[in-house]
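Below you'll find the structure, written out as structure tokens, and then a few comments.
The values are calculated or read from the model by the stated rules, or taken from the named source; none is laboratory data. Keep in mind the model is a prediction, meaning the values are calculated, not measured. Please note: Cβ atoms are built from the backbone with ideal geometry, for glycine as well, and neighbour counts cover all protein chains shown.
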Amino acid sequence: MTAAEIFRGIRATFMPKTLLFGVAAGFAGLCLLGRHAARLDVHRNYSRFTQYTSPESKYYPTVNEMMAIVRSKIKPGQILVIVGGNSILRGVAQLPDQMWSKRLQEKLGDGYCVVNFAFDSSLITDGASVAAEALRDEYPRQIYIANAFPAQAPTPGGSNVYRWVYWDAYYKGLLMADEPRASAIAGNIVKYYFKDGIQELRISSWLDSWCYFNDFWNDVAYQDFNTVWGTLMTPGVTRFLDPRKRYPDPDPDGSLFPYDVRYPPSTLALELVNVKGVSMFAFNPDPTGDFKKDPAAYWQVYPPVWTLLTDGIKDIFPAALKKRTLILMSGSSPYYLRRLTEEEQYRDKITFEMGVRLWKEGGYDAIEYGRDFTPDDFYDRTHLTRFGAAKLGDLVATKVRAMSVELGYLPKP
Amino acid sequence: TIQSRAARQVISLLVGVAVGVFFHYLLYRLTLPV
């Protein structure tokens, strides 16, 4: 039998119009099922996104997925507290039961619903902030929490890794129309670093707004069987085809690790550079000044760093969403801080104070944490153990209650 | 023999649906970021 005969046989078997109808029906059927999947919460007993349910292993939760998690967790009358930010707020080095956001929920009580959407290396404007904004009409009594370093300028529209959530929500019409933010994003995505891949992302997000393939196949990957390989997948820990819901939450209890692992002597010099780096470009020493006599006059503000911050703060969120946003300034472990010179410690302190002040002047609320913590409270330079998680949960609970009164969510006591 | 018109229609429809599902999955896979 020749190839031509085989081809003729296949052509004789299939009926072209029926075949094309089947293709259209199969495709359209999944588009409709995707819209249905977008409203389902598949993450039963959700506590956080793990490394196996995040881009670190090529799983990209959609904005609808996050909204569905909130809808299934929140009870009528509760104030919604959405946690964003990076690995510190995701609770790296804390078991699910030790997470700082779990402590926050316990401290706040039944009047609040705390949902943690933080991702590793995520920024203030990434996924969680988009989910909170998309839920603004459904749950107007909401508080959004994220963290940053004091002189770190925010990125409009999200970081390169996590901005898919912004464009996902944008093309599904879930975001507020905000001209200043749109201009800031348009100005940002043409820059060298940010323009890489943006066209493909926008096209795929637009296609997804019609076809809902991300919602449908994420649903399949999480519930039924996984089809996407990621570099973190480890034989013996994960089985490739297993649904992601069977993958473990790999974060250990960091407080059980000895100090040699948490604060290795081999990286001391490098980590001290990181700790100094938080403030070293924010203030310059006055060459004629005397730190001992007048420490406040010794450190001179370096304006370009702070101008970047104040300019960035202005346009990252619509004005209506700023006042319900709490920015946490993440401090470094005292294990390293106390190894700085007296001048450097003072510079670190005033940098955090200035960061908090500028975020507040920009219309947000902000607090710093970590300066009065102990080395035991930290897993490493920046992540918290269960001890630090408990302290942070207590601190933020007090602040969230105060914000709830200021925002009019609760009556004045 | 059961080359019958009805069977050809069913086969065509099922294969068509499978191809449509595959295209939908292909969109998902091809648009996943690096």
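Quick notes on this one:
- Scope segment A:155-213; condition basic (Lys, Arg), more than 11 Å from every other protein chain (Cβ to nearest Cβ), under 21 Å from residue B:31 (Cα atoms) and not in a helix (DSSP H, G or I); matching residues: A:172
- Answer residue from segment A:214-230, given it is more than 10 Å from chain B (Cβ to nearest Cβ), assigned to a helix (DSSP H, G or I) and touching a helix residue (DSSP H, G or I) at 6+ places or on another chain (Cβ under 6 Å) and is farthest from residue A:49 (Cα to Cα) among those: A:219
- Flag for residue A:267 being closer than 30 Å to residue A:156 by Cα and β-branched (Val, Ile, Thr): no
- Top-ranked residue of segment A:15-43 - restricted to ones that are among the basic types (Lys, Arg) and closer than 21 Å to residue A:134 by Cα, ranked as nearest to the other protein chains (Cβ to nearest Cβ): A:35
- Where helices (runs of 4 or more DSSP H) sit wholly within segment A:295-359, those with at least 2 residues that are of a type outside the set (Lys, Arg) and farther than 25 Å from residue A:80 by Cβ occupy A:295-298, A:303-315, A:334-337.
- Yes/no for residue A:148 being surrounded by fewer than 19 Cβ atoms within 10 Å (Cβ to Cβ), closer than 30 Å to residue A:379 by Cβ and within 22 Å of the chain's Cα centre (by Cα): no
- Residues satisfying the criterion are absent from segment A:268-276 (criterion: of a type in the set (A, V, I, L, M, F, W, C), within 24 Å of the chain's Cα centre (by Cα) and under 30 Å from residue A:42 (Cβ atoms)).
- Subset of segment A:356-408 [closer than 29 Å to residue A:311 by Cα, at pLDDT 95 or above and of a type in the set (Ser, Thr, Tyr)]: A:364, A:369, A:404
- The residues in segment A:89-122 that are crowded, with 22+ Cβ neighbours inside 10 Å, more than 9 Å from the chain's Cα centre (by Cα) and small (Gly, Ala, Ser) can be counted, and the count is 3.
Conditions tested, residue by residue: (1) surrounded by 13 or more Cβ atoms within 10 Å (Cβ to Cβ); (2) within 24 Å of residue A:372 (Cα to Cα).
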residue: A:241; (1), (2): no, no
residue: A:249; (1), (2): yes, no
residue: A:279; (1), (2): yes, yes
residue: A:289; (1), (2): yes, no
residue: A:313; (1), (2): yes, no
residue: A:330; (1), (2): yes, yes
residue: A:344; (1), (2): yes, yes
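- Residue that is surrounded by the fewest Cβ atoms within 10 Å (Cβ to Cβ) [pool: residues in segment B:15-34 that are farther than 16 Å from residue A:206 by Cα and more than 7 Å from every other protein chain (Cβ to nearest Cβ)]: B:34
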